[in-house]
Amino acid sequence: MSPRIALLGFSIECNRFAPVSVEEDFTDRVLLRGQAMLDDARSARPRMLAELPGFCADMDAAGPWEPVPITLAMTAPGGPVEQGFFDRLMFEWEIGLREAGRLDGVYCVMHGAGLSTGDDDPEGTVQALVRRIVGPEVPVVASYDLHANISEADISTVDALIGYRSNPHMDMRERGAESAQVLRRLIGGLRTVIRKVRLPIVPPPVTMLTGKDAHNRPYGELIDLGQDLMQREPWAGRVVNVSVMGGFAYADTPFNGLTAVVTATDAEAAEAVAREIAIAGWARRPHFVPVITPLDDAVRLAVGTADRNGPALIFADVADNPGGGGRGNTMFILDAFMRAAVRDALVGVIHDPALAAEAHALGEGATFTARFNRAGPGGFSHPFSAAAKVLRLHSGAIACRRGIFAGGIVDIGPAAALDLGGIVVIVATVREQCADPAFFEAFDCDIGAARAVVVKSRGHFRGGFDEFFRHEQVIEVDAPGLTTPLLQHFTWSNLPRPVIPLDAGVTWEPAA
Ligand SMILES: [Zn+2]
C-alpha cells in the first residue's frame, strides 16, 4: 500500500524588532494550498525554497506514494506574524489534517525562528496541532533552517528534526530529501528519540559560516563534528540525524541559544552526541564575538579599489539584511560611497517601491532626481537624493542561477537600475536580499567589471557571488540597522541571560 503523506509548512524567520508580517507578505511570496503546492514543488523553477521540492523528488523516485498537500505559508524574513493570520493558518492545517483520512506520515516544512504577535514558538504550536490530530503512532518529520531557535515543543512533537547543515543554505534540497528518507524509515518501523543541549551562546549571524574558505568557522566545525560522531563507534547506526542549530538572535526568545539536536534510536546515543557537540561549542565560545569593518574604513577600501592592481571588493551591508528582517533601504553605505566619489560600483537591492514606480513611469534613458525613502525617515532609513539616469527596467521576475535561490524564480516586482554617476543602484518593489548575481545581471550590470559591489545581505550572497569574490574580498560593514551583528545595540526582553556575546562571566557545565 503506497504511503499517504500529509505535507504542510510554516516558514518565516522573524526579527522581533521589525514591522509585523501580514498575510500579504506571504501571498507576495508563497502561500500555496493543495494541488498548487505540489505543482510548485515539482515545477522546474519553484517559487518555494527547496526543501519540499527535494522531499517530493525523493519520494517520487522511491516509488508510489500519495501526497496530501495542505497549506504551505513561506515568506522572506520580517517581523512577527500577525496573530489573526496565523490563527487562520492553524485552522487550515487542522481542517486539512482532519479531512485527510488515513495518514501514514506527515512532513512539516519549518524554519524555526518564527514568531507570531501572540506566540514565541509558532512552530511548536503547529507541530503540537499535528501530533494532537494524527496521534502518537503516525511518524512526523520536520525540517528546519539552522537559524532556528529550538524549544521543547519543537522536538517533543516530532519523530525526527532535520536541520540545514550549510550556511549559506546550499543544502535545502538535500535536507528535504533526507526528510523523505527518514520518514520512510519511520513508516517502516524505525523508532526514535530526540534530545537537545542548549548553550548560553547566541551567535551573531556573521559568526555562523560553514564554508571551508572562511578563516574562522567555529560553527562549521561543530556541524562537521556532528557528522563525524554519527559515523563513529559506539554511535554509528544509532544516530539518525545531528542538527547543530545556531539560532536567530533577533527573534529574542527565552529559548535562544546554540543548540545541538540529535535524533537517535536510543536516548543514550542522542544525549551523548548532543553533549559532546555542546562541549565543543563551549570551547569555541570566544569565536562567537563578531569583528566587522567600521564604515569609514570600508569607504577607504572602496575608494582604493580604483587602483586596478588591487582586488575588487564586495561590501556586505550586514546590518540591513532583508534576509534577517532588515528593510533593505538604509542609505548609510550608499551615502558615504557617493560622498567619497567611489566609481565603478554596484549597489543592490534597495527596497523602494515609490522610486521603482517613478523610474518605470519615466522610462529607460530618462534623467531625474532619484529620491530614496521619500516618505520620510523611519527606523534606520532616511531620505536621500541624487541625480540619476534610468539605465534598465525589469518586470521583476528574476531567474536565479547561483546560491540559495539557484534554479528558482524570485519576484522583486517592478525594478530599475539607476546610474547615480559611477554608482549603479538596483531599486525594487519587493524587499529581497541580494543573494544572487542575477539581481544585477538581469539589468545587464557586469559584476566582473565592477570594482566595488555593495549587497544588502548578511551572508547568503557568499553562495552566489563566490565566483567573483573570494573570502578575502568580502568586507562586512558596520553601519546601523535592524540586523547589526553587534547585539549590544538592541534592547533585549526575552533572551536567556547571562549570554555570550552580551555578558561577561557566563558559565556553563555539561549535565552529568
Ligand atoms: Zn537561515
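Observations, loosely collected:
- Residue pairs meeting the criteria (Cβ under 7 Å; at least 6 apart or on separate chains; first in a helix (DSSP H, G or I), in segment 139-161; second small (Gly, Ala, Ser) and within 12 Å of the ligand (Cβ to nearest atom)): Asp154/Gly112
- Subset of segment 143-175 that is of a type in the set (A, V, I, L, M) and within 23 Å of Ala44 (Cα to Cα) - its residue that is nearest to the ligand (Cβ to nearest atom): Met172
- Cβ-Cβ under 8 Å pairs, at least 6 apart or on other chains, segment 183-197 side within 23 Å of Ala272 (Cα to Cα), far side of a type outside the set (Ser, Thr, Tyr) and at pLDDT below 95: Val197/Pro510; Val197/Ala511
- The one condition from (1) more than 15 Å from the ligand (Cβ to nearest atom); (2) within 20 Å of Glu51 (Cα to Cα) that Val134 does not meet is (2).
- Whichever residue in segment 367-386 is in contact (Cβ under 8 Å) with a residue 12 or more places away in the chain and part of a loop (DSSP other than H, G, I, E, B) and, among such residues, is farthest from Asp419 (Cα to Cα): Gly379
- Ala319 vs. criteria within 23 Å of Ala435 (Cβ to Cβ) and small (Gly, Ala, Ser): yes
- Scanning segment 1-29 for residues that are farther than 25 Å from Trp492 by Cα and more than 16 Å from the ligand (Cβ to nearest atom) yields a count of 14.
- Selection count, segment 242-252, where residues are buried (at least 24 other Cβ atoms within 10 Å of the Cβ) and either over 19 Å from the mean Cα position of the chain (by Cα) or closer than 14 Å to Cys14 by Cβ (or both): 6
- Boolean, Val202 is within 16 Å of the ligand (Cβ to nearest atom) and in contact with a strand residue (DSSP E or B) (Cβ under 6 Å, 6 or more places away or on another chain): no
- Of the candidates Ala397, Ala415, Ala435, Ala450, the single residue that is in contact (Cβ under 8 Å) with a residue 40 or more places away in the chain, surrounded by fewer than 24 Cβ atoms within 10 Å (Cβ to Cβ) and assigned by TED's automatic domain parsing to the domain that holds Ala345 is Ala450.
- Elements of type strands (runs of 3 or more DSSP E) in segment 10-116, at least 1 residues being of a type in the set (Ser, Thr, Tyr): 66-74, 105-110
Here's the yes/no breakdown for (1) more than 16 Å from the ligand (Cβ to nearest atom); (2) more than 14 Å from Lys456 (Cα to Cα); (3) outside the structural domain of Ala370 (by TED's automatic domain parsing); (4) at pLDDT 95 or above:
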| site | (1), (2), (3), (4) |
| --- | --- |
| Arg284 | yes, yes, yes, yes |
| Leu301 | yes, yes, no, yes |
| Ala306 | yes, yes, no, yes |
| Ile314 | yes, no, no, yes |
| Asp317 | yes, no, no, yes |
| Gly328 | yes, no, no, yes |
| Arg339 | yes, yes, no, yes |
| Leu346 | yes, no, no, yes |
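- Selection count, segment 453-486, where residues are surrounded by 19 or more Cβ atoms within 10 Å (Cβ to Cβ) and part of a helix (DSSP H, G or I): 5
- Only one of the listed residues (Ser166, Ser179) is among the hydroxyl-bearing types (Ser, Thr, Tyr) and surrounded by fewer than 24 Cβ atoms within 10 Å (Cβ to Cβ). That residue is Ser166.
The values are calculated or read from the model by the stated rules, or taken from the named source; none is laboratory data. Everything numeric in this text was worked out from a predicted model, so none of it was measured. Cβ coordinates were reconstructed from backbone atoms using ideal geometry, including for glycine residues, and neighbour counts include every protein chain displayed.
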